[in-house]
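The values are calculated or read from the model by the stated rules, or taken from the named source; none is laboratory data. Just so it is clear, the structure is predicted and the values come from calculations on it, not from any experiment. Reconstructed Cβ throughout: ideal geometry from the backbone, glycine too, with neighbour counts over all protein chains shown. These accessible areas exclude ligands, DNA and RNA; they are computed on the full protein's heavy atoms, side chains included. Shrake-Rupley method; radii C 1.70, N 1.55, O 1.52, S 1.80 Å.
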Amino acid sequence: MSIENTAKHPIPAGFEDALVNAADYERLYDESISDSEGFWAREGKRLDWIHPYSIVKNTDFTMGQVSIKWFEDGILNVAVNCIDRHLPTRANQTAIIFEPDDPTAPTRHITYAELSDRVNRFANVLLSQGVMRGDRVVIYMPMIPEAAYAMLACARIGAVHSVVFAGFSPDALANRINDSGAKLVITADTAPRGGRRTALKSNTDAALLHCSDRVRCLVVKHTGDQTTWIEGRDVDVLKLMSEVSPECPPRPMNAEDPLFILYTSGSTGKPKGVVHTSGGYLAYAAMTFKYVFDYRDGDVFWCTADVGWVTGHSYILYGPLANGATTVMFEGVPTWPDASRFWQVCEKHKVTQFYTAPTAIRALMGQGPEWVDKHDLTSLRILGTVGEPINPEAWVWYDKHVGKGRCPIVDTWWQTETGGHMITSLPGAIEAKPGSATLPFFGVKPEVLDAQTGEVLKGNPAEGVLCIADSWPGQMRTVWGDHERFMETYFQQYPGYYFTGDGCRRDEDGYYWITGRVDDVINVSGHRMGTAEVESALVAHEKVAEAAVVGYPHHLKGQGIYAYVTLMNGVDPSDELKRELETWVRTEIGPIAKPDLIQWAPGLPKTRSGKIMRRILRKIAENDYGALGDISTLSEPAVVDDLIENRMNRP
Ligand code: WTA
């Protein structure tokens, strides 16, 4: 990524009356840091509380005793905040616009009154299946309104949802059902996407072979495709919903009661269950949504993420609905039936804020501007990006062809762990620089630390690792079932700080530029992937002796997956075997984990103590093998020559 262009891009005309202007930003930001308790005491009131909080903040980043609590004596219900409280004024306003995969199929407009009816019924179905407060429910669904009903129904009765992205394999699903100890999994028959169908129910059947017999399976008959049916275990949700009462009293929940678990990749081991709570998370999602997207009544907000990721949780569902907004749920993909689909949907629903990932912008940019130009995009007011650094070329294209130079672009840096936006521009307050996430959001105190010494780098410019010095309400509270792992992952390396895992540079103007992960996590098309996960999938194959996986720059995906594979003695390498391993990883984890490049490695570079030198593998994968640095500590330096000689990523 080139970061030479540090010129500020002026805020387009018409944003003088934005909710936050430059002076407001400075004043509110200062207050949020100097009087954090007072600031959040006020901000927490954007939610409706059954019993108001008297304690605002109680947080400790000290290694060994990390504890994070916000609004801890407050009582509320998340579903009430997203639905019931809007009914007196918005019953007939659209809450969710559902745009199906097939552009010729009918769009659905679900009003707040209808949403209330569906969620209450869904909640009663869950109760009828024995789901109780605190129980975990796994949701493995297409991008359909029933996924939203399921999440909100859990919130209504105090169950903890864990949404698993529909692109994950049965094995990955089973691991998440087992780790969370879920009582129930909710799925659909099949999921149409880009004209093809994923067999979610049969994936769930396969997953449940590895789970307790007691786990029940609720099925939404979405496409009507044929599936197997196990009497006594499988339940037809839509049928039951039509039979139960449309009223389900909301369960009063403590602010710190978990709302959801979302599994995400780290540098080691299995994905970890990130835990978010009811009060702090919702307050933070609601507030960031409002300010970052300058949300006004009547807006139609579209976030193109999947509800299986945190972006979908915070900015398709919870943030918009907590504000009484109209949110678009899109079942399809940007390039099917053709590369104009996004823009067609923007035109059709008069979308005002459009929020997507740089990888989608790059893919559409490659198809040429004519796909955009033929659509009327005058309804658009604000554009956003998330998930990875945006390269300035893509930023400029987005600004010119989609925003026509009239729409501010908010580049939002955040993480599954942070619950909501952390570093981002604000449409009427902060001038953008293409490729920079710009400045911290209210209440966020970023610091750049020297990666080696841990010293806080004061003054600008500065380059190092990105840490956050104090807590914010949307912060994750723990790793499900493993608080020790939570502390070790985020608070051990730089004592007293939350460590993000990202590298960053702060420029002369104090703007933050995220330079990418500094750990063994890679970012493929805006999806987080642990290299360790792909490695353990590869070595689980009978012909593989050893594997090392690294990321390399990929023109569309941001990063691609590069796998070095050492085969078992006597196994011959072949293109066929490569395809077999690709398919293997797809079934072990899911299509997003499929290696882009596989190199047969007779040996891997290791230190004398047997540790794989990933730095060297990364350099070779990046085609930067001229500067390998010191390799004298390797046990067999000759393997490096072979790896360079047979490298896959040739320019
Ligand atoms: C990266 C997605 C640069 C970063 C919300 C982070 C970004 C990881 C940006 C979290 C951005 C996210 N600019 N990098 N605007 N947004 N990232 O948990 O490396 O799926 O640590 O959350 O994505 O990915 P996650």
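Once you have the alpha carbon radius of gyration of segment 1-133, what is it after dividing by 2.2 N^0.38 Å, with N set to its residue count?
Ratio of Cα Rg to 2.2 N^0.38 Å: 1.54.
Rank ASP213, ASP572, ASP470, ASP502 by accessible area, highest first, at a 1.4 Å probe radius?
ASP213, ASP572, ASP470, ASP502
Compare the Cα positions of PRO100, LEU208, THR227 along the charge dipole of segment 92-244 (+1 at Cβ of Lys, Arg; -1 at Cβ of Asp, Glu; about the Cα centre) and return the one farthest towards the positive end.
Projecting each Cα onto the dipole axis, the largest value belongs to LEU208.
Roll a 1.4 Å probe over the protein heavy atoms and report the accessible area of ARG251 in Å², nearest 10.
110
At a temperature of 25 °C and a viscosity of 0.890 mPa s, determine how fast segment 62-109 diffuses translationally according to Stokes-Einstein, using the Kirkwood radius over alpha-carbon pairs as Rh; express D in µm²/s, rounded to the nearest whole number.
164
Express in Å², to the nearest 10, the accessible area of LYS8 obtained by rolling a 1.4 Å probe over the protein heavy atoms while all chains stay in place.
In the full protein context, LYS8 sits at about 90 Å².
What relative contact order, as a whole-number percentage, does segment 319-470 give when Cα pairs under 8 Å and 6 or more residues apart are counted?
Reported as a whole number, the value is 15 percent.
Give, rounded to the nearest 20 debye, the magnitude of the charge dipole that segment 527-621 has about its Cα centre when Lys and Arg contribute +1 at Cβ and Asp and Glu contribute -1 at Cβ.
My answer is approximately 640 debye.
Eigenvalues of the Cα gyration tensor times 5, then square-rooted: what semi-axes does that give for segment 477-563, in whole angstrom, largest first?
Result for segment 477-563: semi-axes of 27, 22, 10 Å.
If I model the chain as equal point scatterers sitting on the Cα atoms and use the Debye formula, what is log10 I(q)/I(0) at q = 0.06, 0.09 Å⁻¹?
For the chain, the Cα-only Debye profile gives -0.32, -0.74.
Report the Stokes-Einstein translational diffusion coefficient (µm² s⁻¹, integer) for segment 107-176, Rh taken as the Kirkwood radius over Cα pairs, at 25 °C with viscosity 0.890 mPa s.
Estimated diffusion coefficient is 192 µm²/s.
Please report the relative contact order for the chain, taking Cα pairs under 8 Å with a sequence separation of at least 6, and give it as a percent rounded to a whole number.
Rounded, it is 14 percent for the chain.
Going Cα to Cα from LYS606, which lysines come in below 23 Å? Please leave out same-chain ones fewer than 8 positions away.
LYS606 reaches LYS543, LYS619.
How large is the Kirkwood hydrodynamic radius of segment 55-179, in angstrom, based on all distinct alpha carbon pairs?
16.9
Would you work out the relative contact order for segment 544-637, in percent, from Cα pairs under 8 angstrom that are 6 or more residues apart?
Contact order relative to length: 28 percent.
For LYS374, go through the lysines and keep the ones whose alpha-carbon is under 22 Å away, minus same-chain ones fewer than eight residues off.
LYS348, LYS350, LYS400, LYS404
For segment 254-384, list log₁₀ I(q)/I(0) at each q in 0.13, 0.14, 0.16, 0.22 Å⁻¹, using the Debye formula over Cα point scatterers of equal strength and ignoring solvent, two decimals each.
-0.62, -0.70, -0.86, -1.28
Accessible area, 1.4 Å probe, largest first: how do LEU383, LEU240 sort?
The ordering from most to least exposed comes out as LEU240, LEU383.
Helix-only estimate, please: 222 nm mean residue ellipticity of the chain, summing -39500 (n - 2.57) across DSSP H runs of length 4 or more and dividing by its residues, to the nearest 500.
-8000 deg cm²/dmol
Just the C-alpha atoms of segment 225-281: what Rg/Rh do they give, with Rh taken as the Kirkwood radius?
Rg divided by Rh gives 1.15.
Counting pairs of Cα atoms in segment 332-403, how many percent are more than 22 Å apart?
10
Leaving out same-chain residues fewer than 8 places away, which lysines sit with a Cα under 16 Å from that of LYS239?
Within the straight-line limit of under 16 Å, LYS239 reaches these lysines: LYS221.
How large is the accessible surface of LYS239 in square angstrom, using a 1.4 angstrom probe and rounding to the nearest 10?
For LYS239, solvent-accessible area is about 120 Å².
With both partners inside the chain, how many of the DSSP beta bridges are antiparallel, as a percent to the nearest 5?
60
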